[in-house]
Amino acid sequence: MEYMSQEGYDKLVAELRELELVELPRVRDAIAEARDKGDLSENFEYHAAKREQGRLLGQIRFKQKVLENARVIDRSRLQADRVGLLSRIELTNIANNRTMKYMVVNPHEANLTEGKISIKSPIAQALLNKQAGDVVEVRVPAGLVKLRIESVQL
């Protein structure tokens, strides 16, 4: 079972619908069109479309499985003062005094450009159950980093 935000769940449902209702019919049409051209053994368009269909079916199955096991989190049941799933945190890197803001999310929702880090990431793992004012050391690919939690919100 995987817990996720309502926003993440809705986004995944929309992506699945897009794949099933737009992308898959487009690829099936391309397969039919390529098949009509004759000899399939040397038909590049046919083989490319079949590969694309296989890729899309794999993505669809993956997203269906994730949604099948997903549970939307009731934010009212979460602790607002401790870092956990769906927490919005502000951190300061003690070495360079740089401030960062992140939201801890399910791995399927993680997107660093949006400031969303996976709960399974080294930083989130080190921060779990900590609160504002705590200092944590995190081993990241670049080495050991000391972070101070400035604030935790839901």
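How high is the relative contact order of the chain? Use alpha-carbon pairs under 8 Å, at least six apart in sequence, and give a whole percent.
Relative contact order here is 23 percent.
So, by mean Cβ neighbours within 10 angstrom, what's the order for 48-55, 122-129 with the highest one leading?
Going by the mean number of other Cβ atoms within 10 Å, highest first, we get 122-129, 48-55.
Using 0.36 nm per residue of separation minus the Cα-Cα distance, give me the extension gain between ARG77 and GLU150 in nm, one decimal.
Going from the current span to full extension adds 24.0 nm.
Ranking request for peptides 71-81, 2-12, 87-97: highest mean number of other beta-carbon atoms within 10 Å first, then the rest in descending order.
Result, highest mean Cβ count within 10 Å first: 2-12, 87-97, 71-81.
Could you give the angle, 0 to 90 degrees to the nearest 10, between helix 24-35's Cα long axis and the longest principal axis of the Cα atoms of the chain?
The helix 24-35 is inclined about 30 degrees to the chain.
For the pair GLN64 and THR99, what calculated FRET efficiency results from E = 1/(1 + (r/R0)^6), where r is the Cβ-Cβ distance and R0 = 41 Å, to the nearest 0.05?
With R0 = 41 Å, the Cβ-Cβ based efficiency is 0.55.
Report the full-extension gain for the segment THR92 to ARG17: residue separation times 0.36 nm, less the Cα-Cα distance, to one decimal in nm. Don't skip to the end; give the middle numbers.
Numbers: separation 75, 0.36 × 75 = 27.00 nm, distance 3.97 nm.
Using 0.36 nm per residue and subtracting the Cα-Cα distance, I get 23.0 nm.
Would you work out the relative contact order for the range 77-153, in percent, from Cα pairs under 8 angstrom that are 6 or more residues apart?
Relative CO of the range 77-153 lands at 35 percent.
Roughly speaking, what is the stretch gain from GLN6 to ARG35, that is 0.36 nm per residue apart minus the C-alpha to C-alpha distance, in nm to one decimal?
On the way: separation 29, 0.36 × 29 = 10.44 nm, distance 4.21 nm.
6.2 nm is the gain from fully extending GLN6 to ARG35.
Applying 1/(1 + (r/R0)^6) with R0 = 41 Å to the Cβ-Cβ distance of ARG28 and LYS120, what FRET efficiency is obtained, to the nearest 0.05?
The value I calculate is 0.70.
Determine, for each peptide in 101-109, 14-22, 26-34, the mean count of other beta carbons within 10 angstrom over its residues, then list the peptides with the highest first.
For the peptides 101-109, 14-22, 26-34, the packing ranking is 101-109, 26-34, 14-22.
Between ASN129 and ARG51, what is the label-point separation in nm under the 7 Å Cα-to-beta-carbon projection?
Those two pseudo-labels are separated by 4.9 nm.
Would you mind calculating the relative contact order of the range 2-68 from Cα pairs under 8 angstrom and at least 6 residues apart, reporting the percent as a whole number?
It rounds to 43 percent for the range 2-68.
Out of these labelled values of Cα extents along the principal axes in Å, [x] 70, 36, 20; [y] 41, 39, 29; [z] 50, 35, 24, which was calculated from the coordinates shown here?
Evaluating Cα extents along the principal axes in Å on these atoms matches [x].
Which lysines does LYS65 reach when only Cα atoms under 29 Å apart count, and residues fewer than 8 places away in its own chain are ignored?
Those lysines meeting the cut-off are LYS11, LYS50, LYS116, LYS120.
Could you state the angle between the C-alpha long axis of helix 6-18 and the longest principal axis of the C-alpha atoms of the chain, as a value from 0 to 90 degrees rounded to the nearest 10?
Taking Cα atoms only, the helix is inclined about 10 degrees.
Distance from the Cα centre of the range 117-139 to that of the range 11-69, in angstrom?
Each part reduced to its Cα centre gives a spacing of 40 Å.
Nearest 500 deg cm²/dmol is fine: what mean residue ellipticity at 222 nm does the chain get from its DSSP H runs of n ≥ 4 alone, each adding -39,500 (n - 2.57), divided by its residue count?
Theoretical 222 nm ellipticity from helices: -11500 deg cm²/dmol.
Restricting the count to DSSP beta bridges whose residues both fall in the chain, what percent are antiparallel, rounded to a multiple of 5? Please report the intermediate quantities before stating the final value.
On the way: 20 of 26 bridges.
Just about 75 percent of them are antiparallel.
Read-outs throughout are calculated quantities, based only on the coordinates presented, and are distinct from any laboratory measurement. Because the structure is predicted, anything quoted here is derived from the model rather than measured. Ideal geometry is used to build each Cβ from the backbone, glycine not excepted, and the neighbour counts take in all protein chains shown.
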